[in-house]
Amino acid sequence: MSVQAERRPGWHGTRRRFALRMEPYFYASPALIFIVAVMLVPLAIGLSYAFRDITLLNPFSGGFVGVQHFVDLWHDSDFWQALGNTVTWTVASVSLQFFLGLVLALRLYRPFPGRGLVQALVFVPWAVPMFLSGLNFAWLFNPVIGPLPHWLYAVGILSSPENILSDPAIAIWGPIVANVWWGVPFFAITLLAALQSIPPEIYEAAEIDGAGTWRRFADITVPFLAPTIAITVLLRAVWIANAPDLIVAMTGGGPADSTQIVASYIFTQAFKGLDFGYASAVATVLLMLLLVYALIVLMIRQSLLKAS
Amino acid sequence: MSAATLKRAGYWTMHYAIIALYVAFALFPLYWLFKVSLTPTKLLYSEGVRMWPSRTTWENYGFVLTNSDFPRFFLNSVIVSVSTAVLVTVVASGAGYALSRFRFRGKFWLVGLMLITQMFPLVMLISPIFRIFTPLGLTDSLLGLIIVYTAFNIPFATFLMQSFFDGIPKDLEEAAMIDGAHRFTAFRQIILPLTLPGIAATLGFVFTAAWSELLFALMLISKTDASTFPVGLLTFVSKFSVDFGQMTAAGVLALIPACLFFFLIQRYLVRGLTAGAVKG
């Protein structure tokens, strides 16, 4: 009887069922409201700016200019330079962070006396606010107070102990070094977690079969880690390409725009130039490039899943 | 000594040599920051670059703490970071709980939306947010920063909280609900207390992220009164670029809260990084 009573459609029953159906939305909606109001709506508005003439100090701006910004962009040599720098910056940062992170993870994988302490110490850079690690490296590269120019001169990399941040030909390596220092712990932690998820029995079996250290690394570790590595590296690349903090803090894009990446170029256009229209046009192009990149990543992921 | 023992000894020597290099690489820049901050300005120029100055001083810290705007910046940063951390954790607990416990229409899109926000360049929101916030009085205001940082950190914190909720058996709140408790009561009284470590980790991560944010703070704040620490420090650096002692002393001070939180959340690093694999 009670089952029937519960099933009887009535005002209370409907309301109760409605309340139950609404429950997940009750928990999730504050998050959704924040994301929509502060990220999605501004994103849509920002895309519309790309087709309008919006400069902050000019009260008469705001008109529709069609694709004019994109035409300007095509002829903007600073933009093309920033695009090239973005590739250098991302590829160099990610590959160095990855390589150093992998070596560190392999060293930390097996227990040894003092491992806990070493792990805590080598992960410290990751806790340092990014802008501060940028400023700190700017000081380390400053020949007045920093040792790096003198060391680089001593080993023959620099022909005189000068600040690499003021030499347009090599200035980009300043923020790259800061980025590598800051980001190695991220890769080390991710790869360490992936390493620890490999069942130890496989290594034991391989050792019994007489496989040496290198064989075990090449035939077990690498294939097991490959999917994690591929996805982490590809996603991390997006994050690094998008993060101009270090460049803004260290060089502001200079000297002569030689360290400008697309993300810092957008920031400079908006913050210094107050040209929101043009900044948004550059941002739109960056977004398109990232979408293409994301599609390629998805395709790689699919083929990796198929292969394994 | 046999060849095998020799090989083992060689292996461990190599191992510790590599480890030592890493530790030096990680800590040397911070050591140098601290060293410069303790060096009297005169010695900085007269002694050149050396590993430790012949005399040390706390003057630079004294100046930064009493004669500058840094205490104000510090306070502003604490207000912004603490408020953001608390707000994000409350909102993300709800969303993480929904993702962990319910199947509902739109869940796929919600997760997709949150993942996408981790991929797109936040810098492209700078102009529109500035234009939207100006008439609302949210520029030059700490509240404006709190709103922006909260939104930016919610997706990552949600995934982090979800991973903690996933680790708690469903039976717990179901038992309470059979006993007649509302789900929300069960959530508050049974599940949340069990996730306290997760909540602490989320608070730590978000606090550190808000403490470190530079670009939106630069754009949205122009008054000294409302500046956060990163903006204050960067302005100071571009204005007084020769007062290395004071700049580095301020840098060391900016490091303290972030490092405190880092040691608190260290146990949860792996989970935090795998939950937000896209985010630093």
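Please determine, by comparing only the residues of segment B:153-178 that are out of contact with any helix residue (DSSP H, G or I) (no Cβ under 6 Å at 6 or more places or on another chain) and either touching a residue at least 60 places away in the same chain (Cβ under 8 Å) or of a type in the set (Ser, Thr, Tyr) (or both), which one is farthest from B:Leu115 (Cα to Cα).
Residues of segment B:153-178 out of contact with any helix residue (DSSP H, G or I) (no Cβ under 6 Å at 6 or more places or on another chain): B:156, B:167, B:169-171, B:174-175, B:178.
Of the ones still in play, those that are also either touching a residue at least 60 places away in the same chain (Cβ under 8 Å) or of a type in the set (Ser, Thr, Tyr) (or both) are B:156, B:170.
Numbers: B:Phe156: 8, B:Lys170: 25 Å.
Ranking the candidates gives B:Lys170 first.
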Number of positions in segment B:104-144 that are of a type in the set (Ser, Thr, Tyr) and either touching a residue at least 24 places away in the same chain (Cβ under 8 Å) or under 18 Å from B:Thr228 (Cα atoms) (or both):
3
Give the residues of segment A:144-162 that are touching a Pro at 6+ places or on another chain (Cβ under 7 Å) and modelled with pLDDT under 90, sorted by residue number.
A:Leu158, A:Pro161, A:Glu162
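Within segment A:121-153, can you find the residues that are assigned to a helix (DSSP H, G or I), more than 27 Å from the chain's Cα centre (by Cα) and facing chain B (nearest Cβ under 8 Å)?
Within segment A:121-153, the first condition is being assigned to a helix (DSSP H, G or I), and the residues that meet it are A:121-122, A:124-127, A:130-140, A:148-153.
Restricting the remaining residues to those that are more than 27 Å from the chain's Cα centre (by Cα) gives A:149-153.
Listed by number, the list holds a single entry, A:His150.
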Pairs, please: C-beta under 7 Å, at least 6 apart or cross-chain, first residue within 7 Å of another protein chain (Cβ to nearest Cβ) and touching a residue at least 40 places away in the same chain (Cβ under 8 Å) and in segment A:38-49, second in a helix (DSSP H, G or I) and hydroxyl-bearing (Ser, Thr, Tyr)?
A:Gly46/A:Ser280; A:Gly46/B:Ser127; A:Tyr49/A:Ser280; A:Tyr49/B:Ser127
Could you check, for segment A:246-257, whether at least one of its residues is at pLDDT below 85, farther than 16 Å from A:Asn179 by Cα and within 11 Å of chain B (Cβ to nearest Cβ)?
no
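Filter segment A:271-285 down to the residues that are in a helix (DSSP H, G or I) and either over 21 Å from the mean Cα position of the chain (by Cα) or more than 8 Å from chain B (Cβ to nearest Cβ) (or both) and list them by number.
Keep residues of segment A:271-285 that are in a helix (DSSP H, G or I), which gives A:271, A:276-285.
Passing the criteria: A:Phe271, A:Phe276, A:Gly277, A:Tyr278, A:Ala281, A:Val282, A:Val285.
Could you say which residue among B:Leu196, B:Leu203, B:Leu142, B:Leu220 is touching a Leu at 6+ places or on another chain (Cβ under 8 Å) and either closer than 14 Å to B:Val80 by Cα or away from every other protein chain (no Cβ under 14 Å) (or both)?
Values: B:Leu196 fails: touching a Leu at 6+ places or on another chain (Cβ under 8 Å); B:Leu203 fails: touching a Leu at 6+ places or on another chain (Cβ under 8 Å); B:Leu142 fails: touching a Leu at 6+ places or on another chain (Cβ under 8 Å).
Criteria check complete, one pass: B:Leu220.
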Given (1) assigned to a helix (DSSP H, G or I); (2) out of contact with any Lys or Arg (no Cβ under 9 Å at 6 or more places or on another chain); (3) more than 12 Å from every other protein chain (Cβ to nearest Cβ); (4) crowded, with 16+ Cβ neighbours inside 10 Å, number of the condition B:Ile168 does not satisfy
(1)
So A:Ser95, is it free of Cβ contacts under 8 Å to residues at least 12 places away in the same chain and closer than 19 Å to A:Ile247 by Cα
yes
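Report whether or not B:Thr158 is surrounded by fewer than 24 Cβ atoms within 10 Å (Cβ to Cβ) and within 13 Å of chain A (Cβ to nearest Cβ).
Numbers: surrounded by fewer than 24 Cβ atoms within 10 Å (Cβ to Cβ): no; within 13 Å of chain A (Cβ to nearest Cβ): yes.
Considered against the rule, which asks whether it is surrounded by fewer than 24 Cβ atoms within 10 Å (Cβ to Cβ) and within 13 Å of chain A (Cβ to nearest Cβ), B:Thr158 comes out as no.
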Mind checking which pairs have a first residue in segment B:1-26 that is touching a residue at least 60 places away in the same chain (Cβ under 8 Å) and a second that is part of a helix (DSSP H, G or I) and of a type outside the set (Gly, Ala, Ser), Cβ under 7 Å, 6 or more apart or different chains?
none
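Within segment A:70-86, identify whether any single residue is out of contact with any Cys (no Cβ under 6 Å at 6 or more places or on another chain), part of a loop (DSSP other than H, G, I, E, B), away from chain B (no Cβ under 12 Å) and over 29 Å from B:Phe205 (Cα atoms), and answer yes or no.
Restricting attention to segment A:70-86, the residues satisfying the condition of being out of contact with any Cys (no Cβ under 6 Å at 6 or more places or on another chain) are A:70-86.
With the extra rule that they be part of a loop (DSSP other than H, G, I, E, B), the set shrinks to A:75-76.
Then keep just the ones that are away from chain B (no Cβ under 12 Å); that gives A:75-76.
Pick out the ones that are also over 29 Å from B:Phe205 (Cα atoms) and you get A:75-76.
Yes: one or more hits.
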Could you list, in sequence order, all residues of segment A:222-231 that are without any contact (Cβ under 8 Å) to a residue 60 or more places away in the chain and in contact with a helix residue (DSSP H, G or I) (Cβ under 7 Å, 6 or more places away or on another chain)?
A:Leu225, A:Thr228
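The values are calculated or read from the model by the stated rules, or taken from the named source; none is laboratory data. These numbers come from a predicted model, not from an experiment. FYI the Cβ positions are ideal-geometry reconstructions off the backbone, even for glycines, and counts take in every protein chain you see.
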